[in-house]
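Below is one structure. I have some questions about it.
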Amino acid sequence: MRKRKYRHLRQADRDRLERFLAKGYSFTAAARVLGFDKSTISREVKRNGLGSKRERHKYYKAILAGRKGSLRRSYAKYRGKKIDENKKLKTYIIKRLKSQCSPVEISESMRAEEQPFNASKTAIYDWIYSDCGSDARKYFDSKHRGAKLKFNVRTARKG
C-alpha cells in the first residue's frame, strides 16, 4: 500500500474510526482501512479519547473528538500568545513602541540588552495586528503614518 501525504482526520474519518474501535478493530487494522498511518490513529485516540489511558479506545466518541481537535487548532492559531501571557515582555514592547521604535528595533534591543525575555519581529508584528495588541497598535500606526507622510514630502520635493 502506498503511503499518502499527511492530512487531518475529517469528521467522516472519525465517525468510521469510532465504529471500528467499537467493533474491536486494532489501530493497525483501522488505519489500513481508513488509509492513515497507525501512528495517526493512535495519536488521535490518545488526544481525543475519553477515560483512562488504557481505556481511551473503548470510549472514543467521534463528535467530541472533532470538537476537541477544532478547539486545539484554534488555540494553535492564536496570534501573539507569547507576548500577551508575559506581562514584562508586553510592558517592554509597549514602552518601546511609545518611544517610536519599530518591531525590528524592539527585537534587536531585547537581544542587545540581554533581557530575560525575547520575541521575534514577526511575533511582535503578529501581536500588534491581533485583537490582543490592539491597544499597542495606536503607537505603532501613528509612527508609520508619519513616516509615510515624510517619505511622500521628500519625493514631492525631488520631483
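Just so it is clear, none of the values below were taken in a lab; they were calculated from the coordinates. What you are looking at is a predicted structure, and each value in this text was computed from that prediction instead of being measured. Cβ coordinates were reconstructed from backbone atoms using ideal geometry, including for glycine residues, and neighbour counts include every protein chain displayed.
In nm, to one decimal, how far is the E85 label point from the R10 one, both placed 7 Å along Cα→Cβ?
Spacing of the two 7 Å Cα→Cβ label points: 3.3 nm.
Additional query: Modelling each spin label as a point 7 Å along the Cα-to-Cβ direction, I'd like the S120/K46 distance in nm, to one decimal.
Once both label points are built, they end up 2.6 nm from each other.
Moving on to the next point. As a test of understanding, state the convex hull volume per residue of the stretch 11-76 from its alpha carbons, in Å³.
Spread over its residues, the Cα hull of the stretch 11-76 gives 82 Å³ apiece.
Now for a different question. Taking the Cα-to-Cβ direction at Y59 and at A22 and moving 7 Å from each Cα, how far apart do the two end points lie in nm?
1.7
Could you compute the FRET efficiency for E108 and S134, with r as their C-beta to C-beta distance and R0 at 30 Å, rounded to 0.05?
Approximately 0.80, to the nearest 0.05.
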